[in-house]
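> Below is one structure. I have some questions about it.
The values are calculated or read from the model by the stated rules, or taken from the named source; none is laboratory data. As the structure is a prediction and not an experimental result, all values here were calculated from the model. Positions of Cβ are generated from backbone atoms using ideal geometry, with glycine treated the same way; all protein chains shown enter the neighbour counts.
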Amino acid sequence: MRKGIWAAVAAIMLVATVAVAGTMTPAELTTKITNCPNCKALANYPELMPNLRPEIFKTDAGFVSAFLVADAKMLPMCQKWESECTANAGNPEMASSMCPICVSYGSMMMNKEIKMESFMGAMGRITVASSATKAGVEQLHAHVALMQEATAVMPAAMAEIMKGASKKADASE
């Protein structure tokens, strides 16, 4: 029964990822990122934001990505945030409010046709993702396109998140 539920969640996430990739304006993507529980969690780590350096490159069988920090002292904070995101990815109730990036990543994690290997280094995580099937490679390449699109709007989205976090902090004082 539980396998069936996760299979359904994976299918919904895959459809959502394909439907969203390349169809959003920068403002729409910014809104999605700003309302995503994973991305909003970055507001808990304001000093981390300016230090993140995401990169992603398409390969024949998938992609290679680097999620690095500009300052090695930020790595433990980045790992804590990533572990919170991973916990959210396993929660089907959270999926409906996640941004396209987080939905896409969760979908890849649940796809048995996709192999993902991550390597932690002194400055962050390198991930190699590949698939031996055409559908798996297409899903991985759709994620690359989405990440490249999102990288362009990420600074504006994160500025909105930080502005919202600042207003909340001011209101609670």
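> Got a number for residues in segment 81-125 being small (Gly, Ala, Ser) and assigned to a strand (DSSP E or B)?
Qualifying residue count for the region: 3.
> Report every pair of residues separated by at least 6 positions or lying on different chains whose Cβ atoms are under 9 Å apart, first residue within segment 138-158 and free of Cβ contacts under 8 Å to residues at least 24 places away in the same chain and surrounded by fewer than 18 Cβ atoms within 10 Å (Cβ to Cβ), second in a helix (DSSP H, G or I) and among the aliphatic types (A, V, I, L, M).
Cβ pairs passing all conditions: Glu138/Val18; Pro155/Met49.
> Look at Val128 and say whether it is more than 27 Å from Asn35 (Cβ to Cβ), of a type in the set (Val, Ile, Thr) and not in a helix (DSSP H, G or I).
When the stated conditions are applied, Val128 passes them.
> So which residues in segment 53-71 are charged (D, E, K, R) and in a strand (DSSP E or B)?
Across segment 53-71, the qualifying residues are Arg53, Glu55, Lys58.
> Condition check: surrounded by 12 or more Cβ atoms within 10 Å (Cβ to Cβ), aliphatic (A, V, I, L, M), part of a helix (DSSP H, G or I) and modelled with pLDDT of 80 or more. Does Met74 satisfy that?
Here the answer is yes, as Met74 does meet what is asked.
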